[in-house]
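For reference, the structure is listed below as structure tokens.
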Amino acid sequence: MAIAQHPVAGEAGLRPMPSGNIETPSPVGDDVAYLRSDSVNLPWIILRAVHRASRLDGVPARARSVLAALARTVDASNPYGHIFARRELLTARAMQSERTFYRSLQDLEAAGLVERHQQRRYVQAGLFGRAYLHLTERAATILGLADAPASPAGTADAAAADPAAADAVEAFSRRSATLADGAIYKDLFPAAFQKRQPGQLPADLQRLRSLGFHEFLIFKLMKEARQHGKLLSDVIAVVWEHLKAAHRPINYVRKLLTTPTDFAHQRVARQNAIAAVQQAQHDAHEVQAALSRCTGQTFFDATGTRRIVIAADVSTTHDVREAQPRVMAGAWQAGFVDALRAGRLRPATAELDEQFATQRREQQRAHAPAIAPQDTQRDKRVLTRVGDAQLDFLARLVGARRPTPDSPGRCAAPARA
């Protein structure tokens, strides 16, 4: 045997070439490796069955491999007959181990594609026969080895007896190909993945086209921005107003990409500021709308001690402890609307008006000043000795004359010791 012979120098070129359909040898190192293939020509119906078995959905990949091996082995003229193939042949064609092969048979049997009968036994001879595999009617119909059974007319249940097989037959009969099924049914113009054929520009970068930026240049700038840890959208959103006034916007953008400025933070801060302004405008509009609905109405607080009158020109508030109402000034509109929405203010009613008037009268009686009794004789003022001396000094200082003791308006001088 050639396999048992020891290698001898120069022996490779003297050995005869193996018979059969052999391709051109390719040298690998010092040895010669031959590429061989199976030269059996399968019928077209078998090739179609193998193709359909490999593309079957609803079963695992291992089960599809075994079904394709069974499609190569079964007799096309008798698809429901015994499959005369050993376990070793089927595992080799399915390229599976023995354990995986049996698991695949279980999957096919559970899907209703294969039937495994019991092992035959010959009692008289005391021998056991083989256990053959059979394709079911459903499997033969799916693989195209048998025609689909015609459903009887007028019977709706018979048409839906095996919906899975009917769907499979319909799926395989939709189209036919003159070439192998594969990439020819895919997109022949992959513009989003092919080089030099980029996809659509982002919406926020479309405005760069008006400044002379070419589409490919914009994609290149996006790559450069990513290399510097930035996003071109953030840079353009921050410097757009200055970029429109630039003489060389391309150089300006490239210079900005190399700076350490955090454009993402600036963009978020600017968006937050714009959102805050818009929210404030929306709140002011809501406040004005609420005030316009409340014009001409009167409201009381929860305790009933304060009355608020909303008018088109001047709004007033009146507390029970105050004699007159006050004009509401300042930014009181937002607080009033918030209190009204929170339920802290109630519309005026006759009962609330009477309660407010009663509380006002009680406050006025409680804070009314007590009337002191009239004095019958006022306390007389007495001029002391020290005071009289001080008055004399002041009169001499200014050159004035003091009234005499008898003149009106001067108090009697005290007796001198």
(request) Over region 33-101, average the accessible area per residue using a 1.4 Å probe and give it in Å², no decimals. (result) 62 Å²
(request) Along Cα→Cβ, 7 Å out, is where each label goes; now give me the distance between the ones at ALA85 and GLU286 in nm to one decimal. (result) 7.3 nm
(request) List every residue whose amide H lies under 5 Å from the amide H of THR261, counting only residues 5 or more places away in sequence or on a different chain, with H placed 1.01 Å from N in the peptide plane. (result) none
(request) Please give the per residue accessible area of region 264-322, computed with a probe of 1.4 Å over protein heavy atoms only, in Å². (result) 62 Å²
(request) Would you mind calculating the gained length between ALA329 and LEU35 on full extension (0.36 nm times residue separation, minus the Cα-Cα distance), in nm to one decimal? (result) 95.9 nm
(message) Give me a comma-separated list of calculated 3J(HN,Hα) values for region 97-107, in order, Karplus coefficients 6.51, -1.76, 1.60 applied at θ = phi - 60°, integers in Hz, x for any Gly or Pro.
(response) 6, 5, 5, 5, 5, 5, 5, 5, 5, 5, 5
(request) Find how much the distance from GLU98 to ARG396 grows on full extension, using 0.36 nm per residue of separation minus their present alpha carbon separation; answer in nm with one decimal. (result) 93.0 nm
(request) Express the carbon and sulfur contribution to the solvent-accessible surface of region 264-400 as a percent, rounded to the nearest whole number, probe 1.4 angstrom. (result) 54 percent
(message) Can you compute the FRET efficiency between ALA350 and ALA269 using 1/(1 + (r/R0)^6), with r the Cβ-Cβ distance and R0 = 56 Å? Round to the nearest 0.05.
(response) 0.55
(message) For region 208-268 and region 39-53, what is the centre-to-centre distance using only Cα atoms, to the nearest Å?
(response) 59 Å
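The values are calculated or read from the model by the stated rules, or taken from the named source; none is laboratory data. What you see is a predicted model, and the numbers here were worked out from it, not measured in a lab. Cβ: placed from backbone, ideal geometry, glycine included. Neighbour counts: every protein chain shown. These area figures cover heavy atoms from the full protein model, side chains too; ligands, DNA and RNA do not enter into them. Shrake-Rupley method; radii C 1.70, N 1.55, O 1.52, S 1.80 Å.
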